[in-house]
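Student: Questions regarding the structure given below will be posed in turn.
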Amino acid sequence: QSAATLLAIDYGPYTFVDSTPGGERVGRAYGVKLRGYPAKQRLEYRLAISGSVRGSEARNPLRVTGRAVYHPFGAETGFFYGGTFQGTKRQAGFGAGFDFQDDSRIYSADAFFETPLLAKTQGLTLQVNWMRYDGGTFLTTLPKQDAFLVEAGYHALNHRLTPFVQYQARNF
């Protein structure tokens, strides 16, 4: 999602764990992406192929990433996910993803839920994310580890104030 719609003031401490080992620029890699929204925009898929760490003479395999999400209330079709709507819209997503290059593997699962409350004057946002990183022998600077994020926010005062709590952990 866009940084402008994050609940936290800044990115989390484990947001860019794979950026340096994977040759990314602030979490971005150069390549091509395919997106689609089948099943009346209840499902979303993203599949990308990028250069990432190609090595000398570009002999390393390309990086392949993918993500699938179920959106029970309809997908967000913008360039970025909307993130929090400050409790003004009901939204949910349940997703899973992968990221492969050579023997380097990243797997992820996430859930997001937001809903208005009290006659739409307040709202609630919940988010849970898990990522398993394993650089294998290809990205030796990316050790096998799990990263977790749990976040909840309550939108009050007609959605103008959002106290939130966040828990993050990384286990090697």
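Student: Counting helices only, and only those DSSP H runs with n ≥ 4, report the 222 nm mean residue ellipticity of the chain as the sum of -39,500 (n - 2.57) divided by its residues, in deg cm²/dmol to the nearest 500.
Tutor: When only DSSP H runs of four or more count, the value is -500 deg cm²/dmol.
Student: Probe radius 1.4 Å, ligands and nucleic acids ignored: give me the carbon and sulfur share of the accessible area of the chain as a rounded percent.
Tutor: Heavy-atom surface of the chain belonging to carbon and sulfur, 1.4 Å probe: 60 percent.
Student: Quick one: which residues, 5 or more positions from Ser52 or on another chain, have an amide H under 5 Å from its amide H? H modelled 1.01 Å from N in the peptide plane, none for Pro or chain starts.
Tutor: Distant-sequence amide H within range of Ser52: Tyr30.
Student: When the chain is fully extended, how far beyond the present Cα-Cα distance does Lys144 get from Val64, taking 0.36 nm per residue of separation?
Tutor: 26.9 nm
Student: Could you tell me which label, among [x] 15.5, 53; [y] 18.1, 65; [z] 17.5, 61, carries the value of Rg and Dmax of the Cα atoms in Å calculated for this structure?
Tutor: Correct label, based on the coordinates given: [z].
Student: Continuing with this model, one more query. Going by Cα centres, the range 20-76 and the range 81-150 are how many Å apart?
Tutor: Their Cα centres are 14 Å away from one another.
Student: Let me ask something else. Tell me, in nm to one decimal, what length is gained between Asp134 and Tyr81 on full extension, where the rule is 0.36 nm per residue of separation less the Cα-Cα distance?
Tutor: 16.5 nm is the gain from fully extending Asp134 to Tyr81.
Student: Shifting gears a bit: Would you please give the FRET efficiency between Leu34 and Asn171, computed as 1/(1 + (r/R0)^6) with r the Cβ-Cβ distance and R0 = 41 Å, to the nearest 0.05?
Tutor: About 0.80, to the nearest 0.05.
Student: Using packing as a proxy for protection, rank 138-147, 163-172 so that the peptide with the highest average count of other Cβ atoms within 10 Å comes first.
Tutor: 138-147, 163-172
The values are calculated or read from the model by the stated rules, or taken from the named source; none is laboratory data. Everything quoted here is computed from the prediction, not taken from an experiment. When we count neighbours, we look across all protein chains shown, and the Cβ atoms used for this are built from the backbone with ideal geometry, even at glycine. Calculation scope for accessible area: heavy atoms of the full protein, side chains included, ligands and nucleic acids excluded. Shrake-Rupley method; radii C 1.70, N 1.55, O 1.52, S 1.80 Å.
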